[in-house]
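Have a look at the structure below, then the notes.
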Amino acid sequence: MKSKSIREVFPLLTQGSSGGEVITLQTKLQEHNFNPGSIDGIFGQDTAKALIAFQKSVGLTPDGIAGRNTWAALNRKRQDCTLDTGLFTVDAVSQIFYDAPRSNIVKYLPLILNALEKLDLGDRNMVLIALSTIRAESASFAPISEFRSRYNTTPGKHAFNRYDFRADLGNGALGDGAKYKGRGFIQLTGKANYRRYSRRLGLGTRLVNNPELANDPKIAADLLAYFLKDKENVIRQDLAKSNLRAARRRVNGGTHGIQQFTTAFRTGAGLLRSNRAIA
């Protein structure tokens, strides 16, 4: 039997191409949550934009050409996902968290990297997003409870009263604000999130009944990973557009901590590029 050529296995497609192979390309892009426009077999501007965004998200040259490497990335299965967690040593992360106790990094970094790996978030972009999120939410590199502030508490009122009866947080009673305040590496907030992620982690209603568990180191690491997993596709699209502000909003809903977030991400990316992160 005659073997197929590389070009037959990986058809070279560019803007202007058409046919069934383009439909396959458009379908693959859509599966990765990059919108190619209509699935019509015509490689037009929308398909080119989606392809370039996808290529950026996986670290390929963003040339808008579907060649061998692009097809391999589009066809990549979950178990084939890149693992870059080995690059994030204690020494490297200490340069991002320069004012955090090194002992915290030694203690908690393995839990965080393991949680990310389990959910196929072990590539450098998603690890950087995770670390940058921690930098913005818990600069000490430890799972903590949210502090009382003017953003969550009205002067002269009980702590976290601004979170009480917040339908968007799932809080429906007096005291829910304090009970379901931000905790962990991700600062999980609101009864709805405690309920949702308690189920996601296979904990039943334990987080709802005992919210302090969100500060348990392993649970806090898993919460961070699961929260980012739920936002993975849109975060990757934001990163493909170099839009760190939008990526931050996916987690926080606003721009709180944006400076710390962007600085941490760029510092980490710079360390990896220069290979200074590899001990």
Report task. Pop a pseudo-label 7 angstrom from the Cα along the beta-carbon direction at both THR27 and SER274 and give the gap in nm to one decimal. Result -> 4.7
Report summary line: Surpassing 23 Å at the alpha-carbon level, of the pairs LYS28/LYS231; LYS191/LYS241; LYS56/LYS231, are LYS191/LYS241
Report summary line: With label points set 7 Å from each Cα along the Cα-to-Cβ direction at THR263 and LYS241, the distance between them in nm comes to 2.6
Report task. Select from PHE34, SER145, ALA173 the residue farthest towards the positive end of the dipole of the chain; place +1 on Cβ of Lys and Arg, -1 on Cβ of Asp and Glu, and compute about the Cα centre. Result -> ALA173
Query raised in the report: What is the chain's relative contact order, in percent, from Cα pairs under 8 angstrom and six or more apart in sequence?
Result: 18
Requested in this report: Might you work out the accessible area of SER18 for me, using a 1.4 Å probe with all protein chains in place, and round it to the nearest 10 Å²?
Outcome: 90
Requested in this report: Could you work out how far helix 258-274 tilts from the main Cα principal axis of the chain, as a 0 to 90 degree angle to the nearest 10?
Outcome: 50
Query raised in the report: Residue separation times 0.36 nm, minus the C-alpha to C-alpha distance between VAL234 and SER149: what's the value?
Result: 27.6 nm
Query raised in the report: If the chain between GLU212 and GLN45 were fully stretched, how many nm would it gain, using 0.36 nm times the residue separation less the Cα-Cα distance?
Result: 55.1 nm
Query - Entry for mean projected area of the Cα convex hull in nm² (calculated from the structure that is shown) out of (i) 14.9; (ii) 17.2; (iii) 18.1 - result: (iii)
**Report entry** Protection-proxy order for peptides 185-195, 118-128, each taking the mean of Cβ atoms within 10 Å per residue, highest first
**Finding:** 185-195, 118-128
Report summary line: Rounded to the nearest 10, the angle in degrees between the Cα long axis of helix 217-230 and the longest principal axis of the Cα atoms of the chain comes to 40
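The values are calculated or read from the model by the stated rules, or taken from the named source; none is laboratory data. What you see is a predicted model; the values in this text were computed from it and never measured. With ideal geometry, Cβ positions are generated from the backbone for all residues, glycine too; neighbour counts draw on all protein chains shown. Side chains included, ligands, DNA and RNA excluded: accessible areas come from the protein's heavy atoms. Shrake-Rupley method; radii C 1.70, N 1.55, O 1.52, S 1.80 Å.
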